[in-house]
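The values are calculated or read from the model by the stated rules, or taken from the named source; none is laboratory data. Just so it is clear, the structure is predicted and the values come from calculations on it, not from any experiment. Cβ placement follows ideal geometry from the backbone for every residue including glycine, while neighbour counts extend to all protein chains displayed. For the accessible areas, the whole protein counts, side chains as well, though only heavy atoms, and no ligand, DNA or RNA atoms are used. Shrake-Rupley method; radii C 1.70, N 1.55, O 1.52, S 1.80 Å.
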Amino acid sequence: MAMLEVKSLSISFGGLRAVDDFNVVIEKGQLYGMIGPNGAGKTTVFNLLTGVYKPDTGKILLDGKDITGKRTIEINQAGIARTFQNIRLFKELSVLDNVKAGLHNHHTYSTLEGILRLPRYYRVEKEMDERAMELLKVFDLDGEYDYKASNLPYGKQRKLEIARALATDPKLLLLDEPAAGMNPNETAELMDTIRFVRDHFDMTILLIEHDMKLVSGICERLTVLNFGQVLTEGETAQVLNDSRVITAYLGE
């Protein structure tokens with residue numbers, strides 16, 4: 001059974017077909033890329049997958065479960081987490097507290113337990129602190145756990161956003177242009193990080209990216225979008241050698 005199966009997904013805005021009959025199948029553990037010119041509909045697909053938008057038509061199956069049209073929080077609880085092209089951290093909170101924000105999906109206590117500081121409150125907080133530190137160690141951020149998120153260098157903010165997404169214990173991780181704004185050294189490190197996340201967490205990953213070095217270096221399969229439609233799909237090397245991709249994407 002595929003981890004993600006999308007069938008005939010479409011949405012229009014003001015009469016403009018932003019995504020038109022989009023289909024994709026992503027197997028468990030796959031590192032899958034989605035590329036295309038600016039405005040091709042890539043982020044709109046992510047917004048459909050995560051419940052930001054509800055599709056006009058089509059179906060989204062996550063690990064065999066129909067999540068079409070569900071609310072964002074329900075989709076996250078079902079197993080999809082994402083990052084954003086423009087990093088969205090709680091910048092005034094600490095690095096540790098940013099990761100703990102993701103853990104609240106699976107570690108809870110009642111409002112009364114929190115207000116009265118009952119034993120369950122301390123137990124759950126301790127569990128979240130320990131799990132958050134484990135995730136921060138994975139990304140070599142444990143030494144900066146008490147920093148404000150806004151005080152981290154740009155590359156480490158990217159890592160923190162991924163760590164927070166992983167704290168929700170997803171089955172599928174969506175990365176929206178994770179290399180945006182990075183220098184070549186940071187991009188190379190990011191490639192290693194993404195591979196590690198896939199292998200260490202047994203994660204299925206779908207990413208949008210414009211950096212062709214990153215795409216060709218880590219993605220096993222690609223879908224190319226153009227004007228909201230799938231232009232081509234297949235193994236990475238084959239897709240990147242397709243003359244239609246060179247014309248539509250590299251010639252933008």
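For the stretch 71-82, a residue qualifies if it is within 29 Å of G15 (Cα to Cα), of a type outside the set (V, I, T) and touching a strand residue (DSSP E or B) at 6+ places or on another chain (Cβ under 9 Å), and exactly one does: R82. Name the residues in the stretch 5-38 that are open to solvent by less than 10 Å² (accessible area, probe 1.4 Å), touching a helix residue (DSSP H, G or I) at 6+ places or on another chain (Cβ under 8 Å) and among the hydrophobic types (A, V, I, L, M, F, W, C), would you? Within the stretch 5-38, V6, L9, I11, V19, F22, L31, M34, I35 qualify. Scan the stretch 215-242 for residues that are under 22 Å from A18 (Cα atoms) and open to solvent by 40 Å² or more (accessible area, probe 1.4 Å) and the total you get is 5.
The C-beta contact set for the stretch 15-34 (first residue at pLDDT 95 or above, second residue open to solvent by 30 Å² or more (accessible area, probe 1.4 Å) and part of a loop (DSSP other than H, G, I, E, B), distance under 7 angstrom, 6+ apart or interchain) comprises G29/D202; Q30/E220; L31/E220; Y32/E220. Within the stretch 184-198, the set of residues being open to solvent by 70 Å² or more (accessible area, probe 1.4 Å) and among the polar types (S, T, N, Q) comprises just one member, N185.
Taking the conditions exactly as written (under 14 Å from the mean Cα position of the chain (by Cα) and modelled with pLDDT of 95 or more), does L206 satisfy them or not? Criteria met by L206.
A quick yes/no check of all residues on (1) assigned to a strand (DSSP E or B); (2) among the polar types (S, T, N, Q); (3) out of contact with any Ser or Thr (no Cβ under 6 Å at 6 or more places or on another chain):
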| site | (1), (2), (3) |
| --- | --- |
| S150 | no, yes, yes |
| E186 | no, no, yes |
| I194 | no, no, yes |
| D202 | no, no, yes |
| H210 | no, no, yes |
| L225 | yes, no, yes |
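Inside the stretch 69-92, can you point out the residues that are among the aromatic types (F, W, Y) and either in a helix (DSSP H, G or I) or closer than 15 Å to L173 by Cα (or both)? Matches in the stretch 69-92: F84 only. Scanning the stretch 152-173 for residues that are under 11 Å from the mean Cα position of the chain (by Cα) and open to solvent by 30 Å² or more (accessible area, probe 1.4 Å) turns up R164, K171. Say whether the condition of being farther than 26 Å from I80 by Cβ, among the aromatic types (F, W, Y), modelled with pLDDT of 90 or more and in contact with a Ser or Thr (Cβ under 9 Å, 6 or more places away or on another chain) is met by at least one residue in the stretch 134-141. Within the stretch 134-141, not a single residue is farther than 26 Å from I80 by Cβ, among the aromatic types (F, W, Y), modelled with pLDDT of 90 or more and in contact with a Ser or Thr (Cβ under 9 Å, 6 or more places away or on another chain). Exactly one residue among R82, R71 is surrounded by 19 or more Cβ atoms within 10 Å (Cβ to Cβ) and of a type in the set (K, R), and that residue is R82. Of all residues in the stretch 1-37, those being more than 21 Å from T236 (Cβ to Cβ) and either outside any strand (DSSP E or B) or among the aromatic types (F, W, Y) (or both) number 4.
Tell me yes or no: at least one residue of the stretch 39-58 is closer than 26 Å to K213 by Cβ, open to solvent by 30 Å² or more (accessible area, probe 1.4 Å) and assigned to a loop (DSSP other than H, G, I, E, B). Yes, some residue in the stretch 39-58 is closer than 26 Å to K213 by Cβ, open to solvent by 30 Å² or more (accessible area, probe 1.4 Å) and assigned to a loop (DSSP other than H, G, I, E, B). Filtered by the rule that a residue be open to solvent by 20 Å² or more (accessible area, probe 1.4 Å) and either outside any strand (DSSP E or B) or at pLDDT below 95 (or both), the stretch 59-68 gives D63, G64, T68.
Screening D211 with (1) in contact with a helix residue (DSSP H, G or I) (Cβ under 8 Å, 6 or more places away or on another chain); (2) at pLDDT 90 or above; (3) under 19 Å from V45 (Cβ atoms) gives one miss only, at (2).
Take the conditions touching a His at 6+ places or on another chain (Cβ under 9 Å) and of a type outside the set (D, E, K, R) and apply them to N86. Does it pass? Criteria not met by N86.
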